[in-house]
Amino acid sequence: MTANPIAETVASLLPRARTELAELVAFRSVADPAVFPRSECEAAAVWVADALRAEGFQDVSVLDTPDGTQSVYGLLPGPENAPTVLLYAHYDVQPPLDESGWLTPPFELTERDGRWFGRGAADCKGGFLMHLLALRALKANGGVPVNVKVIVEGSEEQGTGGLERYAEAHPELLAADAIVIGDAGNFRLGLPTVTAMLRGMTLLRVRIDTLEGNLHSGMFGGAAPDALAALIKVLDSLRAEDGSTTVDGLAADAEWDGIVYDEADFRKDAKVLDGVGLIGHGSVGDRIWARPAVTVLGIDCPPVVGATPSIQASARATVSLRVPPGQDATEATKLLTAHIEKHTPWRARVSVEQIGQGEAFRADTSSPAYTAMADAMRVAYPGQDMQTAGQGGSIPLCNTLAALYPKAEILLIGLSEPEAQIHAVNESVSPEELERLSVAEAHFLLNYAESKRD
């Protein structure tokens, strides 16, 4: 990294950031009380609020959002007539999944092979630390040149829309000239990247009922309708023979025209087993960024160990549908619901409950903020030009912010490069990536302030 005061300061602050990240990772802040107590999220929110107050933020508030979770807000005033930049992250995390699959405890930040492991280390507690490092470096080298608002969400992973609804009810709160969403990631470790496109999503819970109660499979099997078998048939109808998503009435033939994602690289990043084929058709970019993708997130059914010879009376599944830009998530939800109802066999009773939704997002990469970020990335990553990529995941708040503040420039950066394995076991963050992106964000704020003075 090219020597400069900002970079030197960030490097000196990295050990402190590791200690703080360890404290934040220790909170089991899954925004689902069925998984961990609500108190874990509440404690994480208090930690974030205290960290903002320690940095001199004013009006620090723990906001009770309509979905029953909490987000944290703070304002750091800058020079008179300076532009305002909103920095976003979220402190809630995905469940740890099978904790026995972790090489080290998921809620204990552990260093191994040059990376820091722990749930939320990259997605997105590390993103909050990235913001803090950038601001601390600026304060140590002349001051923060813009007004800074920070919002740290408490239910991004659940997609329950609490912060979106709060922002719509308080539109002045998050108003800004530029918005930096710290919840994306570089296309490849060490390759500076902004994310210009996000797929939206809809999340449904499907239940099928066929009997008043379970039956002995020997006595009734062959004639009694099995709810689990019916559910399997419904879920199978959502995929073509090649594995691509097929929802009646939903287009699935768009093409990606951005950065090329080589298939061999994708197989490595996704850890696809030798000999196993990818699903779908078209380029990798087409499949993960430009087209809808259905995923069965979970099924309620008896485990293999302890299963009895029974025909199941009821079965449930949670189904996610990722929706690319250009497709309306509400309409996609209607089409997916109609598809499920149509393809339920044997006149079985089916109910569909929506439990989450977010619209897709596409940024304007021609805005001055992108020029400021590209220049900042060249400083943080010497010899590298900033790349523009898509992301298959969703950040529902982006569209809400774009609608509330149509003149605001929205940029997405972050720590979730492929090696981070976010949402999987053994999630980790690269401390070098944290360091460089903190330097980039600090220089972006300097560049952006300068561009507004011109």
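Data overview
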| quantity | calculated |
| --- | --- |
| Folded to 0 to 90 degrees: helix 227-236 orientation relative to the chain principal axis, Cα | 50 degrees |
| Contour excess over end-to-end distance, with Cα ends at residue 364 and residue 140 and 0.36 nm allotted per residue | 77.4 nm |
| Convex hull projection area averaged over all views, the chain, Cα basis, nm² | 22.7 nm² |
| Options 374, 363, 346, ranked by Cα towards positive dipole end of region 337-385, top entry (Cβ charges) | 346 |
| Neighbour cut-off at most 14 other Cβ (10 Å), DSSP loop, trypsin sites (Lys or Arg not before Pro), region 373-443 | 407 |
| Spin-label model distance (nm) - residue 43 vs residue 59, 7 Å beyond Cα toward Cβ | 3.1 nm |
| Relative pair counts by distance (%), Cα atoms of region 110-159, 10 Å bins | 20, 40, 29, 11 |
| Contour minus Cα-Cα distance for residue 100 and residue 14 (0.36 nm per residue) | 28.0 nm |
| Inverse mean reciprocal Cα-Cα distance (Kirkwood Rh) of region 18-83, Å | 13.2 Å |
| Selection from 200, 315, 29 lying farthest towards where the dipole of the chain points positive, charges on Cβ | 315 |
| Rg ratio (alpha-carbon, reference 2.2 N^0.38 Å) - region 305-454 | 1.49 |
| Ordering of 340-346, 262-268, 316-322 by packing [mean C-beta count within 10 Å, highest first] | 316-322, 340-346, 262-268 |
| Inter-label distance, nm, simple model (7 Å from Cα along the C-beta direction), residue 403/residue 334 | 1.6 nm |
| Prolate/oblate/rounded call for region 1-146, Cα gyration tensor, a/c under 1.5 rounded | oblate |
| Percent RCO, i.e. relative contact order, over the chain, from Cα pairs under 8 Å lying at least 6 residues apart | 25 percent |
| Value of Rg to Rh for region 270-368 (Rh from inverse mean 1/r over Cα pairs, i.e. Kirkwood) | 1.06 |
| Accessible area per residue in Å² at 1.4 Å probe, computed on region 1-92 | 42 Å² |
| Cross-link pairs 149/334; 149/452; 271/342; 125/334 - those with Cα-Cα distance over 28 Å | 149/334; 271/342; 125/334 |
| The chain - percent of accessible surface contributed by carbon and sulfur, probe 1.4 Å | 51 percent |
| Using alpha-carbon coordinates, inclination of helix 5-25 to the longest axis of the chain, degrees | 40 degrees |
| Cleavage-rule hits, GluC sites (Glu not before Pro), region 59-127, DSSP coil, Cβ neighbours within 10 Å at most 15 | 80, 108 |
| Extended-chain gain in nm, criterion 0.36 nm per residue less alpha-carbon gap, residue 35 and residue 216 | 61.9 nm |
| Rounded to whole Hz, the Karplus (6.51, -1.76, 1.60) HN-Hα couplings of region 302-310, x for glycine and proline | x, x, 4, 6, x, 5, 10, x, 10 |
| Per residue solvent-accessible surface (Å²) - region 226-333, probe of 1.4 Å | 53 Å² |
| Set of region 265-297 residues, backbone N closer than 19 Å to the point 7 Å along the Cα-Cβ line of residue 240 | 277-296 |
| Radius, Kirkwood style, for region 104-202 when every pair of distinct Cα atoms is counted (Å) | 16.3 Å |
| Whole-angstrom gap from region 385-454 to region 20-87, using each part's C-alpha centre | 18 Å |
| Options 54, 83, 107, ranked by Cα towards positive dipole end of region 34-109, top entry (Cβ charges) | 83 |
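The values are calculated or read from the model by the stated rules, or taken from the named source; none is laboratory data. Keep in mind the model is a prediction, meaning the values are calculated, not measured. When we count neighbours, we look across all protein chains shown, and the Cβ atoms used for this are built from the backbone with ideal geometry, even at glycine. Each accessible area value is taken on the protein alone, full model and side chains, heavy atoms only, with ligands, DNA and RNA left out. Shrake-Rupley method; radii C 1.70, N 1.55, O 1.52, S 1.80 Å.
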